[in-house]
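See below for the structure under consideration.
The values are calculated or read from the model by the stated rules, or taken from the named source; none is laboratory data. What you are looking at is a predicted structure, and each value in this text was computed from that prediction instead of being measured. Here the Cβ is made from the backbone with ideal geometry for all residues, glycine too, and neighbour counts use every protein chain on show.
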Amino acid sequence: MSEEHRSFDTGVSVRNLRVDYGRRIALHGISFEVPGGEIFGLLGPNGAGKTTAFRAMSTLQEPTHGEIHLAGRNARKDPDAARAILAYMPDLAPLPQDLRAEEYLRFVAECFGLWGKERDQRVEAGLEQVDLRERRRDFCRQLSLGMRQRLVLASCLLHRPLVLILDEPASGMDPFARAALRDALRAQAAQGTTVILSSHVLSELQDLCTSVGLLQGGRLVDAGPLREVIHRQGVGRRRLRLRTSGPAEALLGWLASPEGGAPGVRVGQDEVDCQFAANDGEQAAFFQRVGAAGLGVVAMREIESSIEEMVLGLHEAGGSR
Amino acid sequence: MTPFFSPPAWQIWLNPIVRRYATARLRLLSVAGWSLVVQALAAFLWLVVYFAAGKGVDRPRAALAAWTPILILQGLIWLLKGTFSVAVGIAKEGAEGLSESQRLTPLSAWQKVVGYLIGLPILETTLVASLLPWSAVSILVGQVPLAVVFRVHLLLITSAVLHHSIGLVAGTVIRQKIVAGTVSQLLVITLHFIVPLLSRFGLGPLGHLGVERAIAAELLPLQGIGTPSAKVRFFDFELSLNGYAWLVMTILIGFLLQILWRRWRRADAHLFSKPLALAFSAWIIFMSLGETFPLLRDGTLFDWGNRVIAKHSHGPGQAELAGQAATVLTQGLIPLGWAGMFGCMALLSAMILSAIITPTLEQHRGARRAHLDDPTLRLPWTGDARSALLWTVVLGLMALAGWAVLVEQLLDTPLLHLVITPSACLPLFLGAGLLIPLLTWAILLEWRGPKTAGLGVFVGWIIPVMIGIVGILSGMNPTHWPKWWIGLSGFALPFYSISQSMSGLADLSDTLRELRAPWLLSLGGHAILAVVMLFYLRRAQRVSAK
């Protein structure tokens, strides 16, 4: 990605964004910045405020307070200018049932000021990109859920937006379509488009996102490059699962002691999970200490940390509050 | 990023929304099917009328007569079916979320309004256009002057735009497509059959929204029926009926388009901005006064009272009795009742406009929180989230001015000015009778929202009147407890205020004096209630932002 694309003139800046629904505060003054050309994942459990944030950024929801700049345009003061460079794909976006796939793309292209040959070329390219050329004459109502999602994605990319916001874009898509979606989003980001998305398929986000934001209860808990956020949220710590030949009480006691140094949690009759900040050398030493302590440990394995655990951790933290 | 080319709103053939509906609704099979039905009907109607009317009259006259069913058919397709398509179409777009997608496109709000207004009824417009050859034959054979042809079609087109604007507003406000379609049809029926009845009682401008009168005024003289140029009396002027009807429709279209424009700019915008509500109120009052004054001056406003008496006075010995009753009615009850009715309608219209511009407590909370977060943020005076109380006072003063001018004119008429003496406190009494209930309503509305306020009005203002009416009809003396029940209602206060502003009504003065106590009690009660609610409203607004 070239350096010129990584400026905030082509990126997204959200400052102190607050949205109230009646008495309920859906977003508590969240702030984050995404440079142009980044793929930013907004993560959080259901009801965390992701869709509200997307709708506010897309000019569909009037915020109670805050500033939103999309590629240098003030989305609150000049929404029309923001809309010209923005594409928003809501979760299960609607399509007009009385239009054919290509007619719909032509309509969207004209709404974004594309006419004549330019319009026709972009429509062709869009159908090609989402693999719907064969179904171009089908009415939108005749398409499957995944095909509709692909058609909406094509319509979002027609005018080559500088900011692309996608709420659960992979809903209803098969694995092939998901792979195509990932390729399409990477290609957009490579061209300098800022991509902001959410997905329940968190493993996909891990592959795709360059940075993430964690939302919980309308608050932005953390935001930044993916690795840094995972590390800060504690997911970067090593997690080990140990199985004992007998009851795990002795092992739990030893883990909690200064010698063990990694408080554990029982996850089964004879299984304990423990977590500690360590590198490979320290982990090897830990294995030796466990063996030497004679606790009857018969198996040890590392549990891979993931973005999914991070979100689950958030959800549990929210539930315990 | 693509350089954006946005065609001007008036280039409707380049409007993407019009093109989208032209694509979807003008598919060959659909148009062919509808055209077959419409052309067959048109052919049948034209030929039947032509041959039926042709017996005994010359060909031009028969061809002219055959134009009328074609115009009616065009009216039914365009005004009835077209309005239904518009209301259902836009409600469906809203319910399915397509309006939101449309909101995200960088087309201007005007382009979107014009696009839906022209695009949604495009099938009906095409069908109406397909009937033009039948009109052309009638016009050519019937030797209709081109000026008449132009005026008739201008009125028809204006009426269609008005109807479609109404449908678009109905479908925008009501998100259920069946309800929106039904409401749009009810509005069309109201516009053509119920509103003209109201126009007889001084709401003249409303009578011109149905367009039939104006078109009939153009066509009938050609067939030797009616006067060549029908007129409308407006204050001291005599205006051409069709020009006046066109003007009334055009101004109303302007207000409706403003509503749609505001809604496309912001989904949660009030239908009227606060200044626009004042302008609308001023327009309604001005037009009503303009049409009522001539009716007042020649006494025709009260003709229906005399007609009712005449209808029920055919028995032996009834004539003298009827004469006395007519005197009491035309010189007392009817003018007073009518003046009270006008005050009540002025109150009601101010209440409706107040409900449109009043912010919810949530809107107020949002604005206050934003201000607390950033003290430099100040809402403009005209902002939707601003309190509507002062604006409601202005609305009330405008309604009061209109009402007072009308009452003054009423008392100036030759019929009444020798009989009734207005009290020196007339403006004060009228003001109290209109402003106190209006402010009570406005404060409740802003404090608890439209549902609670509506329920409050039903329980506090409508049920007592119902109880009072049942009491009177069951044989109770109206001056006993029914006067107290009815007096509880804010809607009754304009009537009571009028009754306390007059003297000299020999037969009625005792009765009117009986109303003084409930009138004062009701005014006082409403005033105290308004002050208490204002206190709670202010407290709720202060607390809401925390």
With criteria (1) surrounded by fewer than 21 Cβ atoms within 10 Å (Cβ to Cβ); (2) in a helix (DSSP H, G or I); (3) within 12 Å of chain A (Cβ to nearest Cβ), B:Pro106 comes up short on (2)
Among the numbered criteria (1) in a helix (DSSP H, G or I); (2) touching a residue at least 40 places away in the same chain (Cβ under 8 Å), which one does B:Leu45 miss?
(2)
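Restricting the search to the stretch A:62-114, which residues are in a loop (DSSP other than H, G, I, E, B), within 30 Å of B:Leu377 (Cβ to Cβ) and either aromatic (Phe, Trp, Tyr) or more than 9 Å from chain B (Cβ to nearest Cβ) (or both)?
Of everything in the stretch A:62-114, those that are in a loop (DSSP other than H, G, I, E, B), within 30 Å of B:Leu377 (Cβ to Cβ) and either aromatic (Phe, Trp, Tyr) or more than 9 Å from chain B (Cβ to nearest Cβ) (or both) turn out to be A:Gly72, A:Ala75, A:Arg76, A:Lys77, A:Asp78.
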So which residues in the stretch B:341-374 are surrounded by fewer than 19 Cβ atoms within 10 Å (Cβ to Cβ) and not in a helix (DSSP H, G or I), if there are any at all?
B:Thr360, B:Asp374
Are any residues in the stretch B:507-541 aliphatic (A, V, I, L, M) and in a loop (DSSP other than H, G, I, E, B), and if so, which ones?
B:Leu508, B:Leu515
Would you mind finding the one in B:Glu408, B:Glu446 that is away from every other protein chain (no Cβ under 14 Å), more than 30 Å from B:Leu256 (Cα to Cα) and not aliphatic (A, V, I, L, M)?
B:Glu408
So, in the stretch B:16-56, of the ones that are in contact with a Phe, Trp or Tyr (Cβ under 7 Å, 6 or more places away or on another chain) and aliphatic (A, V, I, L, M), which residue ends up nearest to the other protein chains (Cβ to nearest Cβ)?
B:Ile17
Please state which one of A:Ala71, A:Ala56, A:Ala75 is within 22 Å of A:Thr193 (Cα to Cα) and in contact with a helix residue (DSSP H, G or I) (Cβ under 6 Å, 6 or more places away or on another chain).
A:Ala75
Based on what the data block shows, is A:Phe54 away from chain B (no Cβ under 11 Å) and either touching a Ser or Thr at 6+ places or on another chain (Cβ under 9 Å) or acidic (Asp, Glu) (or both)?
yes
Would you mind telling me which numbered condition in (1) in a helix (DSSP H, G or I); (2) touching a Ser or Thr at 6+ places or on another chain (Cβ under 8 Å) B:Leu411 fails?
(2)
Restricting to the stretch B:3-15, and then to whatever is at the interface with chain A (Cβ under 7 Å from one of its Cβ atoms) and in contact with a helix residue (DSSP H, G or I) (Cβ under 8 Å, 6 or more places away or on another chain), can you tell me which residue is modelled with the lowest pLDDT?
B:Phe4
Leading residue by the ranking (farthest from B:Lys274 (Cα to Cα)) among those in the stretch B:375-390 that are buried (at least 17 other Cβ atoms within 10 Å of the Cβ) and within 12 Å of chain A (Cβ to nearest Cβ)
B:Ala385
Could you tell me whether B:Val128 is away from chain A (no Cβ under 14 Å), assigned to a loop (DSSP other than H, G, I, E, B) and more than 26 Å from the chain's Cα centre (by Cα)?
no
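Residues are listed down the side, and each one gets a yes or a no for (1) in a loop (DSSP other than H, G, I, E, B); (2) among the small types (Gly, Ala, Ser); (3) touching a Pro at 6+ places or on another chain (Cβ under 6 Å); (4) over 24 Å from A:Leu70 (Cβ atoms):
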| site | (1), (2), (3), (4) |
| --- | --- |
| A:Asp131 | yes, no, no, yes |
| A:Arg137 | yes, no, no, yes |
| A:Arg141 | no, no, no, yes |
| A:Cys156 | no, no, no, no |
Hey, does the stretch A:14-26 have a residue that's more than 9 Å from chain B (Cβ to nearest Cβ), touching a Cys at 6+ places or on another chain (Cβ under 6 Å) and either surrounded by 17 or more Cβ atoms within 10 Å (Cβ to Cβ) or part of a loop (DSSP other than H, G, I, E, B) (or both)?
no
Note on B:Gly290: of the conditions (1) modelled with pLDDT of 95 or more; (2) over 21 Å from B:Trp391 (Cα atoms); (3) assigned by TED's automatic domain parsing to the domain that holds B:Leu395, unmet is (1)
So, A:Ala154, is that one among the small types (Gly, Ala, Ser), in contact with a helix residue (DSSP H, G or I) (Cβ under 9 Å, 6 or more places away or on another chain), surrounded by fewer than 23 Cβ atoms within 10 Å (Cβ to Cβ) and in contact (Cβ under 8 Å) with a residue 12 or more places away in the chain or not?
no
Just to be sure before I move on: is B:Ile462 more than 27 Å from B:Arg386 (Cα to Cα), part of a helix (DSSP H, G or I), in the same structural domain as B:Ser349 (by TED's automatic domain parsing) and within 24 Å of the chain's Cα centre (by Cα) in the structure I sent?
yes
